[in-house]
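Accompanying notes for the structure given below.
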Amino acid sequence: MLTALSILGASTCWAEPILAGSKKFTESYVLAEIAKRSLENAGVPTEHRQGMGGTIILWQALRSNQIGFYPEYTGTISEEILKTPATTTAAEMQELLAKSGVGMTGELGFNNTYALVMSRTAAEQKQIRTISDLRNHPEFKFGMTHEFLNRRDGWQPLAARYQLAGTNIVGLDHGLGYDALRNGSIDVKDAYSTDAKIGEYDLVVLEDDLGFFPQYKAVFLYRLALPANAISVLQGLAGTLDAKRMIQLNAEAERTKNYAQAADLYFTDTASSQGPRIGEPFGRKLWRWTSRHLQLAGLSLLLSIAVGIPLGIAASRGGATGQVILGLTSAVQTIPSLALLALLVPVPFLGISARTAIAALFLYGLLPIVRNTATGLQDIALPIRESAVALGLERRARLWKIYLPIASRSILGGIKTSAVINIGTATLAALIGAGGLGEPILSGLNLNDHVTILQGAIPAAVLALLVQWSFDLLDRLLIPKGLRL
């Protein structure tokens, strides 16, 4: 299995272009696109893995050299990465980051601090202007992003500072939270001060009257091992974006649903402009998403078949070995797919890559194949087994020539189930930048755009149906006529 994974790894790693990462919110996508285009203008090939997750995943990917750079904020670097006081200076951060082989550019020019927002109508009706005013409204429902709920500078210390404990809190995706705020499902949510939706939805940013939130100046974190010209380009972005301009770029990204097109606006006012760039055509994007999705699901299914059928044969013999095999594969199946993906990220050789997605899908696809193979072999009637022995066939010949063909219908049923599971679960691969049809789904969630979500969801559903029909056809080709229903 390790050999197979090594071969897969060799075929799925990206060694040539510099890899840019981004977090799962609009501004991070746009900043990464700006850096990508700046590097490409300087002749440095760059690839952008969009929406790879939160701070910890991006930081681990950067520190372990799986990506070359990503946009970050000084408050997050201080609070979440270095765990240092909010008063830590930029020079001190750079010195501490260098111990991990990471560099930090100068500030891009704007402060994207955390904030609490609510609708203007509700704020005016309740006469709420500051975060302290929320103390008088314990009936409010708070919708917070999952990362904010667990940050050192997030909800828990904020609630303690403002004595907001006891309020009703739910964890929400950042983009969906705005929709929930607009339709009244929640009363208050966390936000970034440069979010375009604050103006679009006419929201009020509550004053941080106790000065809780630190400064979140935008910068790029990069590997110090990057080529000197690449570092020079990233450093050259410092001081080129103010808050007003960033809000415009975020609004353009959410209007056009195209991060690269929004990034083009940055270049219209800079000397490096080479004119607006036409976004990737939808047909090409769909092909890229679908081919990567099939690659992830197909390779993992082949691994599941190669490992699952022998394990199923061993399990069919019963005893302690059979119980252990079925017990372990069943235990893996009980782990939520998202948790399994996250647990595999720190494993050496896997990390933030397609290898992790393939390994997770492989483990998830094992149980149906193992169980159906074992069940199909165990259900072979005793007279047939006795007849096979009476023919004088050796054990291996009995298995290949008689038992496996008889059990083929059950085995194919397990493979079919595993394939359909893989097609659906592979959408999660986009969470670690592995691409596939989960990419537009995550982007649509970020933009709160149903059309973009459907661009990934519909092809994934069609693929699952095609796979099911293909296996129905295989049933007719591979299963002996007398064993079909």
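The values are calculated or read from the model by the stated rules, or taken from the named source; none is laboratory data. Keep in mind that this is a model prediction, so the values were computed, not measured. Cβ sites come from the backbone with ideal geometry, for glycine too, and all protein chains shown count toward neighbours. Ligands, DNA and RNA are stripped out before the accessible areas are found, and what is left, the full protein with its side chains, is counted by its heavy atoms. Shrake-Rupley method; radii C 1.70, N 1.55, O 1.52, S 1.80 Å.
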Next item on the list: Sort largest first and round to whole Å: the equivalent ellipsoid semi-axes of region 42-192, each the square root of five times a Cα gyration tensor eigenvalue.
Entry: 33, 18, 14
Notebook entry, point to check: Stretched out fully, how many nm does the piece from residue 215 to residue 235 gain, at 0.36 nm a residue minus the Cα gap?
Noted result: 5.2 nm
Note to self: Highest mean first, how do 459-471, 301-313 rank when packing is the count of other Cβ atoms within 10 Å averaged over residues?
What the structure shows: 301-313, 459-471
Note to self: Nearest 500 deg cm²/dmol is fine: what mean residue ellipticity at 222 nm does the chain get from its DSSP H runs of n ≥ 4 alone, each adding -39,500 (n - 2.57), divided by its residue count?
What the structure shows: -17500 deg cm²/dmol
Next item on the list: Using R₀ = 41 Å, calculate the FRET efficiency as 1/(1 + (r/R₀)^6) where r is the Cβ-Cβ separation of residue 343 and residue 382; round to 0.05.
Entry: 0.45
Check: Per residue, how much accessible area does the chain show when a 1.4 Å probe rolls over the protein heavy atoms, in square angstrom?
Finding: 45
Next item on the list: Convert each backbone phi in region 186-195 into a coupling constant with the Karplus relation 6.51 cos²θ - 1.76 cosθ + 1.60 (shift: θ = phi - 60°), then list the ³J(HN,Hα) values in order as whole Hz, x for Gly and Pro.
Entry: 10, 9, 9, 9, 7, 8, 9, 5, 9, 4
Margin query: For region 318-391, take N as its residue count and report Rg(C-alpha) divided by 2.2 N^0.38 Å.
Written below: 1.55
Notebook entry, point to check: Quick one: putting +1 on the C-beta of Lys and Arg, -1 on the C-beta of Asp and Glu, what dipole do you get for region 69-205 around its Cα centre, in Debye to the nearest 20?
Noted result: 360
Next item on the list: Quick one: divide the alpha-carbon radius of gyration of region 130-210 by 2.2 N^0.38 Å and tell me what you get.
Entry: 1.02
Check: Considering only protein heavy atoms and a 1.4 Å probe, what is the carbon-and-sulfur percentage of the accessible area of the chain?
Finding: 59
Item checked: Highest to lowest packing among 287-294, 38-45, 413-420, 434-441, scored as the average C-beta count within 10 Å -> 434-441, 413-420, 287-294, 38-45
Notebook entry, point to check: Taking H as built 1.01 Å from N, whose amide H comes closer than 5 Å to the amide H of residue 220, not counting residues under 5 places away?
Noted result: 72, 105
Check: Counting only residues 5 or more places away or on other chains, whose amide H sits under 5 Å from the amide H of residue 130 once H atoms are built in the peptide plane?
Finding: 207
Check: Dipole of the chain, Cα-centred, from +1 at each Lys and Arg C-beta and -1 at each Asp and Glu C-beta, to the nearest 20 debye?
Finding: 2160
Item checked: Highest average packing first - 380-386, 97-103, 344-350, 401-407, Cβ atoms within 10 Å -> 401-407, 97-103, 344-350, 380-386
Check: Spin-label point model (7 Å from Cα, Cβ direction): what's the residue 121 to residue 202 distance in nm?
Finding: 0.8
Note to self: Testing the spin-label approximation: label points 7 Å from Cα along Cα→Cβ at residue 473 and residue 130. State their distance in nm.
What the structure shows: 7.0
Note to self: When a/c reaches 1.5 or more, the comparison of a/b and b/c decides; with that in mind, is region 207-272 rounded, prolate or oblate per its Cα gyration tensor?
What the structure shows: oblate
Item checked: Formal net charge of residues neighbouring residue 208 (Cβ-Cβ distance under 13 Å; K, R +1; D, E -1) -> -3
Check: Dipole magnitude of region 264-414 about its Cα centre, charges +1 at Lys/Arg Cβ and -1 at Asp/Glu Cβ only, in debye to the nearest 20?
Finding: 420
Note to self: Need one number for region 364-403: average projected area of the convex hull over its C-alpha atoms, nm².
What the structure shows: 2.9
Checklist line | Dipole of region 256-406, positive direction: furthest Cα of 376, 299, 331, with charges on the beta-carbon | finding: 376
Check: Taking a temperature of 37 °C and a viscosity of 0.692 mPa s, what whole-number D in µm²/s does Stokes-Einstein yield for region 203-344 with Rh from Kirkwood over alpha carbon pairs?
Finding: 152
Item checked: Cross-link reach list, lysines versus residue 83, counting only Cα pairs under 19 Å and skipping chain neighbours closer than eight places -> 99, 217
Notebook entry, point to check: Helix 2-12 sits at what angle to the longest principal axis of the chain, using alpha carbons and giving 0 to 90 degrees rounded to 10?
Noted result: 50
Next item on the list: Provide the net charge surrounding residue 295, with neighbours chosen by a C-beta distance below 13 Å and charges set as Lys +1, Arg +1, Asp -1, Glu -1.
Entry: +3
Check: Applying 1/(1 + (r/R0)^6) with R0 = 35 Å to the Cβ-Cβ distance of residue 331 and residue 393, what FRET efficiency is obtained, to the nearest 0.05?
Finding: 0.45
Checklist line | Angle between the chain longest axis and helix 404-425 axis [Cα atoms, degrees, rounded to 10] | finding: 0
Notebook entry, point to check: For region 25-149, with the dipole built from +1 on Lys and Arg beta-carbon atoms and -1 on Asp and Glu ones, taken about the Cα centre, which of 28, 146, 112 lies farthest toward the positive end?
Noted result: 146
Notebook entry, point to check: Using modelled backbone amide H atoms (1.01 Å from N, in-plane), which distant-in-sequence or interchain residues come within less than 5 Å of residue 102's amide H?
Noted result: 224
Next item on the list: For residue 141, list the lysines whose Cα falls under 28 Å from its own Cα; do not include residues on the same chain fewer than 8 positions away.
Entry: 23, 24, 126, 189, 197
Margin query: Just to be sure I understand: if I project the alpha-carbon convex hull of the chain onto a plane and average over all orientations, what area do I get in nm²?
Written below: 27.1
